1. Using only the alpha carbon atoms of the range 37-84, find the Kirkwood hydrodynamic radius as the inverse mean reciprocal pair distance, in angstroms to one decimal.
2. Can you list the lysines whose alpha carbon is less than 19 Å from that of K77, not counting same-chain residues fewer than 8 positions off?
3. What accessible area per residue, rounded to a whole number of Å², is obtained for the range 37-84 using a probe radius of 1.4 Å?
4. Straight-line reach from K54: which lysines fall under 22 Å, measuring Cα to Cα and dropping same-chain residues less than 8 apart?
Amino acid sequence: STANAPEDDAPNRYSRTERTAYSRYSRDANSSGSSLPSNTLEKKIEELERELAKERQENARLMKMTQDKEELIGKLKEEIDLLNR
């Protein structure tokens with residue numbers, strides 16, 4: 001369960017960053033008098049959120065693979081030590 005802790009923190013870490021980026025993006029778009037309609041911006045945000053979700057899944061998958069490989073390396077090192085004795 002401790003191995004999953006970094007993954008559990010990921011949504012909290014990203015959500016604060018996303019909120020900051022979103023408010024900055026919205027503020028910049030409004031202050032510049034952007035000609036893009038708000039529904040276009042909303043679609044873009046939804047698209048970016050979907051992309052972010054996919055990237056998070058890929059990141060979690062890669063972290064799990066790394067953890068599995070590190071465990072295998074540890075077991076192989078133990079086996080090598082036993083064989084050397």
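The values are calculated or read from the model by the stated rules, or taken from the named source; none is laboratory data. These numbers come from a predicted model, not from an experiment. The accessibility values were calculated without ligands, DNA or RNA, using every heavy atom of the protein model including side chains. Shrake-Rupley method; radii C 1.70, N 1.55, O 1.52, S 1.80 Å.
1. 13.7 Å
2. Straight-distance partners of K77: K69.
3. Values: 4310 Å² over 48 residues.
Accessible area per residue, the range 37-84: 90 Å².
4. K43, K44, K64
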